[in-house]
Each structure stands twice: as structure tokens, then as C-alpha cells.
Amino acid sequence: MTPTNNNNSTNTTSSRTSNTREAKARRTTFEEPNWLEIPDSVRVRFANEGMALRWIRVMLKNQDDYRNVGKRSAEGWEFVDSAEVPEMLHSSTVKEDGRYAGAVCRGDLALAKMPIELAESRQEYYENQSREMVQAVNSQLMRDSSSRMPISNQSRTRVSRGKTPKFQD
């Protein structure tokens with residue numbers, strides 16, 4: 001005769017592997033990693049120091065892009081030294097010689113910094129330039145409207161940021 005269990009509770013056992021699998025939900029879609037993403041810890045640290053970060057193109061078609069670097073330098077951007085961001089060195093390269101020695105690079109881009117106030121002022125300036133151009137085009141369009149062929153502008157402008165470009169293979 002076999003002993004019987006008088007407990008009404010159900011005895012469920014599961015393996016450690018199944019618990020781990022359930023705890024970690026698997027991603028069902030693949031997202032390409034953004035290799036230009038600056039870690040949040042670096043962004044926050046530089047923001048606390050009053051600096052904004054951005055990638056600047058230093059090479060174009062395997063040639064130094066002096067024109068772009070000169071323009072960005074005139075705007076106030078300075079290259080970030082590798083000693084300032086040791087946590088990014090595992091995924092970035094450091095230029096060892098030449099004009100950009102010590103700069104943190106990914107591909108043909110180098111990490112640069114600028115005081116936040118100047119970066120915000122620069123952003124506001126270019127947004128105003130863009131807004132004025134759109135207004136000029138719209139006013140010229142409406143000026144050419146006639147009663148025989150009225151022109152109505154029902155376009156809407158929407159600005160979105162933070163999306164990474166997606167390319168098809």
C-alpha cells in the first residue's frame with residue numbers, strides 16, 4: 001500500500017531554467033543598436049558641468065573634413081578628450097595622432113562639447129531662421145493667390161527629434 005498525501009495543496013515544482021526564462025521576457029523584434037548613442041551617465045555628468053554633447057563629422061570620403069570642423073569650431077564646439085569619458089572607450093576609438101589627437105571617435109565622427117547656454121542659443125537661432133523661411137514662402141504663396149484661382153495653405157509643420165534613421169539593406 002502506498003502512502004497518500006492528505007494535503008489539499010498542489011505541489012508544483014519548476015526548474016530554475018524555466019523560472020529564468022519567464023523572468024526575462026524575450027524580445028520578439030530586432031532593433032539595430034544606435035552606435036551614436038551617448039550613454040546617459042556621460043550626458044548627465046556633462047550637463048551638470050554645463051556642457052552639451054554632440055557628434056561632429058571629421059572625415060568625409062576618407063579625407064579630413066576641414067570645412068565642417070572649422071565651421072563647428074567657430075560655433076563653439078570643442079572636442080571631448082578621451083580622459084573625460086573613460087566609460088566610452090570600450091566602444092569608441094581615440095585618435096592618436098594628427099589634428100584630432102585625443103578625440104573620442106566613432107567612425108568618421110568625433111564627440112564634441114559646448115556650453116549649454118550657447119548650444120540652446122544656437123538651436124533657437126536656427127529654429128528662428130527655419131520658421132522665417134517657411135513664413136516667407138507661405139506669404140509669397142498667398143500673395144500670388146487670386147479670386148479666380150484661390151490658393152489655400154492647409155499644410156502643417158511638425159518637428160520630431162530623437163528618432164534614428166532606418167536604412168534598408
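The values are calculated or read from the model by the stated rules, or taken from the named source; none is laboratory data. Treat the numbers as computed from the prediction; the structure is a model and nothing was measured. Cβ atoms come from the backbone with ideal geometry, glycine included; neighbour counts cover every protein chain shown.
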Go through the range 43-89 and report how many residues are free of Cβ contacts under 8 Å to residues at least 24 places away in the same chain and among the small types (Gly, Ala, Ser).
5
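If I filter the range 45-93 down to residues being of a type in the set (D, E, K, R) and loosely packed, with under 12 Cβ neighbours inside 10 Å, which single residue comes out as farthest from residue 109 (Cα to Cα)? Steps first, answer last, please.
Keep residues of the range 45-93 that are of a type in the set (D, E, K, R), which gives 45, 49, 54, 57, 61, 64-65, 67, 71-72, 75, 78, 81, 84, 87.
Still in the list and also loosely packed, with under 12 Cβ neighbours inside 10 Å: 49, 61, 67, 87.
Numbers: 49: 23, 61: 12, 67: 14, 87: 18 Å.
So, considering only residues that are of a type in the set (D, E, K, R) and loosely packed, with under 12 Cβ neighbours inside 10 Å, the one farthest from residue 109 (Cα to Cα) is 49.
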Can you tell me how many residues within the range 91-134 are among the polar types (S, T, N, Q) and modelled with pLDDT of 85 or more?
5
By residue number, the members of the range 30-55 that are modelled with pLDDT under 80 and more than 16 Å from the chain's Cα centre (by Cα) are 30
Condition first: aromatic (Phe, Trp, Tyr), surrounded by 11 or more Cβ atoms within 10 Å (Cβ to Cβ), in contact with a helix residue (DSSP H, G or I) (Cβ under 9 Å, 6 or more places away or on another chain) and farther than 19 Å from residue 40 by Cα. Can you find one or more residues in the range 94-114 that meet it?
yes
The lone exception for residue 117 - which of (1) closer than 18 Å to residue 74 by Cβ; (2) surrounded by 12 or more Cβ atoms within 10 Å (Cβ to Cβ) it fails:
(2)
Condition met for residue 3 (loosely packed, with under 10 Cβ neighbours inside 10 Å, outside any helix (DSSP H, G or I) and either at pLDDT 75 or above or among the hydrophobic types (A, V, I, L, M, F, W, C) (or both))
no
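Given the condition in a loop (DSSP other than H, G, I, E, B) and under 13 Å from residue 54 (Cβ atoms), answer yes or no: does some residue in the range 71-78 qualify? Give the derivation first.
Within the range 71-78, the subset in a loop (DSSP other than H, G, I, E, B) is 76-77.
Okay, now just the ones that are also under 13 Å from residue 54 (Cβ atoms), so 76-77.
Within the range 71-78 (the criterion being in a loop (DSSP other than H, G, I, E, B) and under 13 Å from residue 54 (Cβ atoms)), the answer is yes, since at least one residue qualifies.
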Residue 112 fails exactly one of the following numbered conditions: (1) under 17 Å from the mean Cα position of the chain (by Cα); (2) assigned to a helix (DSSP H, G or I). What is the number of that condition?
(2)
